[in-house]
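The structure appears right after this line, and notes come after that.
Just so you know, all these numbers are worked out from the coordinates, no wet-lab data involved. Quick caveat, the model's predicted, so the values are computed rather than measured. So basically every Cβ, Gly included, is an ideal-geometry build from the backbone, and we count neighbours across all protein chains shown.
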Amino acid sequence: MTAFAEIKVYNTLSKSLEKFIPLHGKRVFMFVCGPTVYDYSHLGHARTYVFYDTLARFLRKMDYSLFYLQNITDVDDKIVNRARDEGRHPLELAREFENYYHDDMAALNVTSVNLYARASDYLPEIFEQVRALIEKGHAYVTETGVYFDITTFPDYGKLSGQKPEELRVHRIEPDPTKRNPGDFALWRNRPREEFGWESPWGYGRPGWHIEDTAISIKHFGKQYDIHGGAIELAFPHHEAEIAQAESYTGVKPFVKYWIHTGLLTVEGEKMSKSLGNFVTIREALKEYDPNVLRIFLLSRHYRSPIDFRWELLDQAKSSYERILNGYGNLMDMDIVEEASEREAIFLEEVSRIRRRFFEAMMDDLNTAEALAQLFELVRAVNSYYEERGQITAESRVEVIAAFTDMFNVLGLRIGGGYDESMLRNLVSILIDVRAVLRKRKEYDLADEIRARLREIGIELQDIPEGTKWRLKGRT
RNA sequence: GCCGGGUUGGCCGAGCGGUUCAGGCAGCGGGCUGCAGACCCGUAGACGGGGGUUCGAGUCCCCCACCCGGCUCCA
């Protein structure tokens with residue numbers, strides 16, 4: 001798109017809406033906290049990653065050259081514990097679920113990530129950062145590991161608004177060897193029977209926070225543009241990343257824009273593995289088209305919580321079918337040579353709607369409003385279709401472009417992707433057969449053909465001019 | 001306790017002081033139809049509670065209520 005465009009994003013660091021001005025012109029670097037791969041991913045993960053995928057698509061559409069980096073946490077207590085219970089190697093288990101994760105993301109059309117980086121591949125960088133933090137006096141070694149001393153970093157808490165001295169509630173007993181209860185682990189010594197590495201400070205595993213700064217600093221250097229993740233990670237995880245990185249490099253701010261997504265809840269409670277109230281992505285995809293899931297997830301602003309209910313996917317499915325139908329109506333229009341006045345009005349409307357779509361996205365990624373504009377486009381097409389039913393080839397290209405712009409930014413896979421001509425030929429044969437049957441008033445058989453096609457996601461619509469058909473997605 | 005966030009019609013959700021308060025789903029009336037669906041036209045319906053600021057407030061300020069998240073496992 002264009003240079004005049006001004007994107008605004010909400011920055012957790014400043015707690016305000018800011019103009020998006022990257023550090024290096026059109027070059028943008030984005031890091032998003034990826035999953036810990038010890039189980040199947042659920043709809044909460046889908047929410048987060050569909051959003052950042054949409055952000056990435058949008059930035060690229062706005063002519064930014066974006067590098068999107070995501071870590072894969074494959075070194076973690078949960079992985080080690082599950083692997084131990086199943087008698088497997090932790091990295092082998094992690095690799096299995098990482099593959100499932102990639103499958104799920106591919107199914108959801110999350111295709112924008114340039115590089116997935118596994119924590120286990122960054123031990124040298126982790127060692128280097130821990131070593132330097134100790135050397136600079138920001139970290140100290142005890143018999144249980146290496147800890148970051150938060151009193152050496154006065155900004156600790158600037159992202160989340162937390163004051164270390166007020167954090168009195170601890171879910172886990174603080175390690176008694178730490179100087180302050182809020183100090184976080186950079187390296188944790190573990191028994192030799194457990195999976196781990198030899199380090200200068202003992203045998204064990206890295207702390208969770210250092211894995212991410214090892215990866216991001218290695219690829220992006222001392223400073224980059226966007227760091228994303230769900231809001232639950234703001235404290236302590238992202239706070240710790242800031243403390244580590246800014247202490248290590250001496251450059252502030254480590255990240256210019258901190259963007260956080262709201263959580264997906266179920267009956268008001270966070271969807272999570274530990275609560276057992278989760279629906280995996282693959283479960284949901286058994287029942288619903290990926291486009292339906294994306295529409296559902298993008299129908300609310302990214303910072304607000306979404307409360308999940310299956311019924312809402314049904315609603316999203318109906319919305320999706322409306323989009324498919326409108327797009328289909330556009331494809332059904334007869335081509336004419338001369339543009340009418342009505343067509344000119346229609347085209348103006350389309351271009352206004354397209355502009356509003358992008359304005360909505362520029363306004364802190366207002367995907368709900370953007371979707372509303374997509375529906376406006378559908379309505380405009382339907383009205384025009386009803387009134388005229390014909391269009392010049394040039395105009396249709398224009399309108400298709402408006403649709404595909406929106407589909408691409410929202411990550412909806414609509415149009416193309418299968419052998420359309422074969423499908424069309426097949427369906428038209430069946431339609432012809434039904435026309436004969438209907439003429440003979442053999443409605444039973446005609447209805448059965450219609451019903452059976454419907455079962456496989458093809459819906460026939462008998463209208464005065466004959467019969468048209470639509471793909472309705474899976475049922 | 002401290003720090004964040006939320007509360008808009010039957011359901012989901014935009015909205016960031018001012019044309020009739022988006023859009024989707026469901027509903028109602030009509031058109032079209034062998035029937036159904038789809039589509040088109042029309043239609044109804046909401047701002048958690050109480051104060052305040054203002055000519056004017058879902059929209060700003062204060063108080064209250066309820067809900068959620070974080071407080072070193074979590075997208």
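Going by the structure shown, is residue A:161 touching a Gly at 6+ places or on another chain (Cβ under 8 Å) and over 22 Å from residue A:36 (Cβ atoms)?
no
Would you be able to say whether some residue in segment A:340-355 is near RNA strand B (Cβ under 10 Å from one of its atoms) and surrounded by 14 or more Cβ atoms within 10 Å (Cβ to Cβ)?
No, segment A:340-355 has no match at all.
Which of (1) more than 15 Å from RNA strand B (Cβ to nearest atom); (2) in contact (Cβ under 8 Å) with a residue 60 or more places away in the chain; (3) part of a helix (DSSP H, G or I) is the odd one out, the single condition residue A:371 does not satisfy?
Failed condition: (1).
Considering every residue within segment A:422-441, establish whether at least one is buried (at least 18 other Cβ atoms within 10 Å of the Cβ), part of a loop (DSSP other than H, G, I, E, B) and within 16 Å of RNA strand B (Cβ to nearest atom).
The answer is no; no qualifying residue exists.
Every residue in segment A:274-330 that is in a helix (DSSP H, G or I), of a type outside the set (A, V, I, L, M) and under 17 Å from the mean Cα position of the chain (by Cα), please.
Scanning segment A:274-330 gives A:282, A:290, A:291, A:294, A:296.
Among the candidates A:8, A:15, single out the residue that is among the basic types (Lys, Arg), touching a Phe, Trp or Tyr at 6+ places or on another chain (Cβ under 8 Å) and either within 11 Å of RNA strand B (Cβ to nearest atom) or without any contact (Cβ under 8 Å) to a residue 24 or more places away in the chain (or both).
Numbers: A:15 fails: touching a Phe, Trp or Tyr at 6+ places or on another chain (Cβ under 8 Å).
Unique residue meeting the criteria: A:8.
Kindly provide the set of residues from segment A:261-294 that are near RNA strand B (Cβ under 8 Å from one of its atoms), more than 21 Å from residue A:78 (Cβ to Cβ) and touching a helix residue (DSSP H, G or I) at 6+ places or on another chain (Cβ under 8 Å), ordered by number.
A:261, A:262
The rows are residues; the columns are (1) away from RNA strand B (no atom under 11 Å from the Cβ); (2) within 30 Å of residue A:279 (Cα to Cα); (3) surrounded by fewer than 19 Cβ atoms within 10 Å (Cβ to Cβ).
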| position | (1), (2), (3) |
| --- | --- |
| A:181 | no, no, yes |
| A:193 | yes, no, yes |
| A:203 | yes, no, yes |
| A:207 | no, yes, no |
| A:218 | yes, no, yes |
| A:226 | yes, yes, no |
| A:242 | yes, no, no |
